1. Against the globular-protein guess of 2.2 N^0.38 Å, express the Cα radius of gyration of region 1-182 as a ratio, rounded to two decimals.
2. Beta carbons within 10 angstrom, averaged per residue: use that to sort the peptides 167-179, 231-243, highest first.
3. HN-Hα J couplings of region 106-117 from phi, Karplus 6.51/-1.76/1.60, θ = phi - 60°, integer Hz, Gly and Pro as x?
4. Binning at 10 angstrom from zero up to the longest distance, how are the C-alpha pair distances of region 206-399 distributed in percent?
5. Tell me, what ³J(HN,Hα) does each residue in region 182-187 have, in order and in whole Hz, if you take phi through Karplus 6.51 cos²θ - 1.76 cosθ + 1.60 with θ = phi - 60° and put x for Gly and Pro?
6. Report the charge-dipole magnitude of region 1-182 in Debye, nearest 20, computed about the Cα centre from +1 at each Lys and Arg Cβ and -1 at each Asp and Glu Cβ.
7. Residue by residue through region 158-171, what is 3J(HN,Hα) from phi via Karplus (6.51 cos²θ - 1.76 cosθ + 1.60, θ = phi - 60°)? Round to whole Hz and write x for glycine and proline.
8. Run the numbers on region 251-382 and let me know its relative contact order in percent, using alpha-carbon pairs under 8 Å that are six or more apart.
Amino acid sequence: MIDILGNRTYRHLFFAQIVALVGTGLATVALGLLAYELAGQDAGAVLGTALAIKMVAYVLVAPLAGAYANRLPRRALLVALDVARLTVVLLLPWVNQVWQIYVLIFVLQSCSAAFTPSFQATIPEVLPEEDDYTKALSLSRLAYDLENLLSPALAAALLAVVTYHELFLGTAVGFLGSALLVVSVALPQAPAEPLKTSVRRKLTSGARIYLATPRLRGLLALTLAAAAGSAMVIVNTVVIVRSGLARPESAVAIALAAFGAGSMLMAFVLPKLLERRSDRSVMLVSGAVLTLGLVGLALIWSALAVAARWPAMLVDWFVLGMAYSALVTPSGRLLRRSSHEVDRPALYAAQFSLSHACWLLAYPLVGWLGARAGIPSALWVMAGLAAVGVTAALWLWPKDDNERLHHTHDALPADHPHLLEYGPEGQHAHTFVIDDLHTRWPTR
C-alpha cells in the first residue's frame, strides 16, 4: 500500500491531506473550548448547532462547487480554498459572540465542501490504475483514523504550554502546509465541458448522474447504513461510557480508539480483499455486519450485567469500525468507474452532498433517541435504519454490475457523450450497446 507514495504528485497530495486533517483536529478541540468560554453550560448546544451548520454547508455548497469546478484551474482552486480556510481560522480566536462562530463555521465548512470533492476527483486522474487508486483510498481512510486518534493527544500536549487560542494558529499552519504542498506539484488539467449547459442542469448534473446509476443508488443506501452506525458511535459513546457504564473520562477515549483501530485494520486489509471479492459483496456483507453489531450491543445491554458490558462494548465498537471502513472506503472506486473525467468533479460533489445528508439525518435522530428514549432504543432504531439501507442496496445495486444494456439515443440528454460522438441525426434511430460506464444515464 505504501508503494504508491513513490508517485511524487500523489505523495504531495497525500501529505497535504495529512497536515490539513491535523489542523482540523486541533480546531475541533479549540472550538469546543471557545464555545465553553462563550456559552458555559450551553456549549453543547452551540457545538450541536455548529455541527448542523457544517452538514448544511456540505449538502448545499458541494453541488454548486462541483458544477463549476471545471471552469477554474484545479491547482489554483485548491490553493485558494486552503488560503480561505486559513483566513477563517485566524479570525476565530477574536470572536466574542456565539453568532460569530456560526458565521465563520459556515464559511469554513463551505470552503471545505468545495475543496474536498475537487481534491478527491483529482486523485483518480493522478493514479489512473484501479489497484493504485484502491491503495490510495485505503491510505486516505487510514489518515482519517489516525487524525481522530492523534489530534486530540496532540492538542492535549500543546495545551500544556499554550492557550486554546494558539491551537487555531496550528490549524492555520496545517492549511498553509496543505496549500504549499498542492502548489508544489503539477495537477492534471480539468477537462473542458463539451457543451454549454444551463445553470439548472449544471447544478443538478452530478445528482442526476448519481441517481441514474444503479451501483451509486446502492452506494447511497449503504451510506445511510454507515451513517447510522457511525452516528451511534460518535454521538452516544460518551453517554454510554459515562452514564450507562459509569466509567471515567479516559474510557471514552479507549472506546473511540477501539472503533478507530477496527477501521484502521480494515484499511490495511481492504486492498487485498477487493482483489478477490467484488465491491458489492464486500460492502453488502459489511453493512450486514454493522447492522448485527448494533443489534448485538442492544441485546448485550439488556442481557449482561453492567461490569460485563464494558469489554463487550469494546469488541462491538472494534467490529463496527471494521464494518464502517469497509463500507465507506470503496466508494471512490464506484465513483471513478461511473464517471468520465469531464463530469467527475460534479459526481464527487454529489456523493459528498448526498452522503452528508445521511449524516444530517442520523446525527440529530440518534442524539434525540439516546436522550429521550434511552440507549437501547437508540441502538434498535439505528440498527433498523442500517437494515433499511442494506436491504435497499441489495435491491438497487444489480448483482451483475457489468451487465451490458441496450438503449436508444432518444432517451439521452443533449450533453450525453454518445450524442457528441454520433451526432443528433441518429437520435431517434440508432440503437447501440453501452458498457457499465454509461448505464448511469436514464434509459428507456
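Read the figures in this text as sums done on the coordinates, not as results from a lab. Bear in mind that the values here come from a model prediction, so they are computed numbers and not experimental data. Glycine also receives a Cβ, built like all others from the backbone with ideal geometry; neighbour counts cover every protein chain displayed.
1. Working: Rg = 16.8 Å, N = 182, 2.2 N^0.38 = 15.9 Å.
Its radius of gyration relative to the 2.2 N^0.38 Å reference: 1.06.
2. Descending packing order for the listed peptides: 167-179, 231-243.
3. Those phi angles translate into 5, 5, 4, 6, 5, 5, 5, 5, 7, 6, 4, x Hz.
4. Pair shares across the bins are 10, 36, 34, 16, 5, 0.
5. 5, 6, 7, 10, 8, 9
6. Details: 9 positive and 12 negative charges, 82 e Å.
Roughly 400 debye for region 1-182.
7. 5, 5, 6, 10, 9, 8, 5, 4, 5, 5, 5, 5, x, 5
8. Working: 101 pairs, mean separation 46.4, N = 132.
Relative contact order for region 251-382 comes out at 35 percent.
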